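Chemist: This is the structure I have questions about; it appears just below.
The values are calculated or read from the model by the stated rules, or taken from the named source; none is laboratory data. Here the structure is a predicted model, which means the values were calculated and not measured. Note: ideal-geometry Cβ built from the backbone for every residue, glycine included; neighbour counts use all protein chains shown. Ligands, DNA and RNA are stripped out before the accessible areas are found, and what is left, the full protein with its side chains, is counted by its heavy atoms. Shrake-Rupley method; radii C 1.70, N 1.55, O 1.52, S 1.80 Å.
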Amino acid sequence: MPQAGLHSCWRGRLLPLLAAYLCYLLLGATVFQFLEKQAEAQSRDEFQLEKLRFLENYTCLDQRALERFVRVIMEAWVKGVNPKGNSTNPSNWDFGSSFFFAGTVVTTIGYGNLAPSTEAGQIFCVFYALVGIPLNVIFLNHLGTGLRAHLATLERWEDQPRRSQLLQVLGLAVFLTLGTLAILILPPALFSHVEGWSFREGLYFAFITLSTIGFGDYVVGTDPSKHYLSVYRSLAAVWILLGLAWLALVLSLGPLLLHRCSQLWTFSRGLGFKDGAAPDPESPPRPQKIPISD
């Protein structure tokens, strides 16, 4: 019966998966609380102490005026205005920054450091995301499919000589390694150099960005003390699109590469490498042994 089948599927697959999912969330919550709660409390205490010192040094201000000033700073920060700068800072909505913001919308990264503040901008953002997010999924899917089409020879694995199989695996491994170096290693190093981050912070930014988590604690092109190129954030948006497509390709070809490597390893241990995986149809057939009966 359908109900019995559904009940069996729920108990056999969905229930253990749901339990594992909830346990993973509980594990993450526990670890994050252990690692971050004490640091948050320390930062809060230091901020309150700095406010008291500020009031002691500037006796003309009272607590209410300081709280009002802090609230103005927070509102400016929410609207994308960096309080460390001045009125001569570059606009957050020039074409390069707007292109970068559009890329974060369609890729669902959403750093949270910048958002439309006008009613018209918010309405446009809703409809722009409704069209742009599916378009981005279709684009990345077709891009990954097109890249994989050039490597379709791996699908005809068994029909090729053993030496060709080995060369294909080595070529694919080199291709994925160089691509990962160009997409996932060199750009974080460049961002770290331009932004003044450590390489670890650059890798952290790249992972949080390309995984579309987008916390917003590290964002390129937001330091008011630096003079960026006008196309800097636009190039960062292009890197995000290429990085997402590359990750889709790696996740698709990575398991295939590991499977082929395991096949070659098993063959090399069991039989040794031979120059052909299939018999050559032009070679003469081997003579068969005829049993001799007494």
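Chemist: Conditions first: (1) modelled with pLDDT under 70; (2) of a type in the set (Phe, Trp, Tyr); (3) surrounded by fewer than 10 Cβ atoms within 10 Å (Cβ to Cβ). Trp10 passes all but one, so which condition is the exception?
Modeler: Condition not satisfied by Trp10: (3).
Chemist: What number goes with the only condition from (1) buried (at least 16 other Cβ atoms within 10 Å of the Cβ); (2) at pLDDT below 80 that Asp275 does not pass?
Modeler: Condition not satisfied by Asp275: (1).
Chemist: Somewhere in region 189-208, is a residue at pLDDT 90 or above, assigned to a helix (DSSP H, G or I), open to solvent by 40 Å² or more (accessible area, probe 1.4 Å) and closer than 21 Å to Asn141 by Cα?
Modeler: Looking for residues that are at pLDDT 90 or above, assigned to a helix (DSSP H, G or I), open to solvent by 40 Å² or more (accessible area, probe 1.4 Å) and closer than 21 Å to Asn141 by Cα, one finds at least one in region 189-208, hence yes.
Chemist: For region 183-219, how many residues are acidic (Asp, Glu) and either over 15 Å from the mean Cα position of the chain (by Cα) or not assigned by the TED database to the domain that holds Ala115 (or both)?
Modeler: Initial filter on region 183-219 (acidic (Asp, Glu)): 195, 201, 217.
Next cut, either over 15 Å from the mean Cα position of the chain (by Cα) or not assigned by the TED database to the domain that holds Ala115 (or both) only: 195, 217.
The qualifying residues number 2.
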